[in-house]
Amino acid sequence: DTEVTQTPKHLVMGMTNKKSLKCEQHMGHRAMYWYKQKAKKPPELMFVYSYEKLSINESVPSRFSPECPNSSLLNLHLHALQPEDSALYLCASSQDLVERARNTEAFFGQGTRLTVV
Amino acid sequence: GENVEQHPSTLSVQEGDSAVIKCTYSDSASNYFPWYKQELGKRPQLIIDIRSNVGEKKDQRIAVTLNKTAKHFSLHITETQPEDSAVYFCAAKLNTGGFKTIFGAGTRPFVKA
């Protein structure tokens, strides 16, 4: 299984709603990532978890709240978003963060296309 | 922090010709350089990668070269085909200070039949 699975695929939410994005992998990867991608732009790193602990928060607004319940799951909780937060949210995982792992390739999920109205 | 610049932003290529995409990075501590292909509406997928202890790597029609001294790396696609039309992102990964992967802005080659 070399898949990173994200749900839902599409999400429309109001600015007062609370929703969650989910990401799951069963490759035994210990590093998991959230990226935000706007149209015609590269993925922009938001958060990195390593061994279920938050390793990097790229100064993301608190209306985005990540959670890593276990080594296979990564959530992104959304609350009071703005229309400019509409984007494709990509989850990724890799075997490890550090070079002691032979393979640091990151596998991406298909993404959740989020629209905030 | 690390900065990755990618050129060109768009590229017109005749089918069967070669295409080259170039990237530069700023932080000499970067030591892993993946290239991702992203088709419209789909996820980025790794097509080739290179580590800082290697100068060149080839996989069928694609090859990547790395010049550590100049902090340049390039993607070469030979015998281009219509299915090569996608967005290509280079990236550089730091092995220190947070292990971030920084992406270039992307290149959109258009393969003309």
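Where the only charges are on Cβ atoms (+1 Lys, Arg; -1 Asp, Glu), what is the dipole of the protein assembly as shown about its Cα centre, to the nearest 20 debye?
Numbers: 28 positive and 24 negative charges, 70 e Å.
It comes to approximately 340 debye.
Would you list which aspartates and glutamates come within 17 Å of B:LYS100, measuring only between C-alpha atoms, while excluding same-chain residues fewer than 8 positions from it?
Correct list for B:LYS100: A:GLU44, A:GLU52, A:GLU58, A:ASP96, A:GLU99, A:GLU105, B:GLU2, B:GLU5, B:ASP27, B:ASP49.
What size of dipole, in debye to the nearest 20, comes out for chain B about its Cα centre when the only charges are +1 on Lys and Arg C-beta atoms and -1 on Asp and Glu C-beta atoms?
Numbers: 14 positive and 12 negative charges, 58 e Å.
Here the size comes out at about 280 debye.
Along Cα→Cβ, 7 Å out, is where each label goes; now give me the distance between the ones at B:LYS57 and A:SER65 in nm to one decimal.
About 4.0 nm, to one decimal.
Give me a single rounded figure for B:43-51: the average over its residues of other chain Cβ atoms within 10 Å of their Cβ. Write out the running numbers ahead of the final one.
Values: counts 13, 10, 2, 4, 0, 0, 4, 0, 3.
Shielding by partners across B:43-51 averages 4.
Rounded to the nearest 0.05, what FRET efficiency do B:THR69 and A:LYS18 give with R0 = 41 Å and r taken as the Cβ-Cβ distance? Could you check? If you can, show how the numbers build up before the last one.
Values: r = 51 Å, r/R0 = 1.24.
Calculated transfer efficiency: 0.20.
Assign one of three labels to chain B, namely rounded, prolate or oblate, based on the Cα gyration tensor with a ≥ b ≥ c the square roots of its eigenvalues; rounded applies when a/c is under 1.5, prolate when it is not and a/b is larger than b/c, and oblate otherwise. Let's see the in-between values first.
Values: a/c = 2.07, a/b = 1.67, b/c = 1.24.
Verdict is prolate for chain B.
I want to check a number: in chain A, how many lysine pairs have alpha carbons closer than 15 Å, given a sequence separation of 8 or more or different chains? If you can, show how the numbers build up before the last one.
Values: A:LYS9/A:LYS19; A:LYS9/A:LYS22; A:LYS9/A:LYS36; A:LYS22/A:LYS36.
Lysine pairs satisfying the spacing and distance rule in chain A number 4.
Taking the simple approach of a point 7 Å from Cα along Cα-to-Cβ for both A:GLU52 and A:GLU84, what is their distance in nm?
3.7
What distance in nm separates the two pseudo spin-label positions at B:GLU79 and A:THR5, each 7 Å out from Cα along the beta-carbon direction?
Placing both labels 7 Å beyond Cα along the Cβ direction yields 3.8 nm.
Suppose every K and R has +1 on its Cβ and every D and E has -1 on its Cβ; what is the size of the dipole of region B:1-65 about the Cα centre, in Debye to the nearest 20? Kindly include the intermediate steps, with their values, before the conclusion.
Details: 8 positive and 9 negative charges, 41 e Å.
Here the size comes out at about 200 debye.
With point charges of +1 on the Cβ of Lys and Arg and -1 on the Cβ of Asp and Glu, referenced to the Cα centre of the protein assembly as shown, which listed residue (A:SER65, A:PHE107, A:LEU81) lies farthest in the positive direction of the dipole?
Toward the positive end, the furthest listed residue is A:LEU81.
Using θ = phi - 60° and the Karplus curve 6.51 cos²θ - 1.76 cosθ + 1.60, what whole-Hz ³J(HN,Hα) does each residue of region B:74-84 get, with Gly and Pro shown as x?
9, 10, 10, 10, 9, 6, 4, 10, x, 6, 7
State, in angstrom, two size descriptors of the protein assembly as shown derived from its alpha carbons: Rg to one decimal place and Dmax to the nearest whole number.
Reported Rg and Dmax, both Å: 17.7, 52.
Residue by residue through A:43-50, how many Cβ atoms from other chains fall within 10 Å of the Cβ on average? Don't skip to the answer; put the middle values down first.
Values: counts 9, 2, 5, 0, 0, 4, 0, 2.
The mean count of partner-chain Cβ atoms within 10 Å per residue comes to 3.
If you restrict to DSSP beta bridges whose two residues both lie in the protein assembly as shown, what percentage is antiparallel, to the nearest 5? Display every interim value, and only then the final one.
Values: 75 of 84 bridges.
Of the beta bridges lying entirely in the protein assembly as shown, close to 90 percent run antiparallel.
Once Lys and Arg get +1 and Asp and Glu get -1 on their Cβ, which of B:VAL111, B:ALA19, B:ILE48 lies farthest toward the positive end of the dipole of chain B?
Ranked along the dipole, the leading option is B:ILE48.
Just the Cα atoms of chain A, one point each, no solvent: what log10 I(q)/I(0) does Debye give at q = 0.10, 0.19, 0.22, 0.23 Å⁻¹?
-0.27, -0.96, -1.27, -1.37
I'd like to compare B:68-75, A:23-30, B:85-92: which one has the highest average count of other Cβ atoms within 10 Å, and what's the full order after that?
By packing density, highest mean first, the sequence is B:85-92, A:23-30, B:68-75.
No lab work stands behind these numbers, since they all come straight from the coordinates. Not measured: the values here are computed from a predicted model. Note that we place each Cβ from the backbone using ideal geometry, even for glycine, and neighbour counts take in every protein chain shown.
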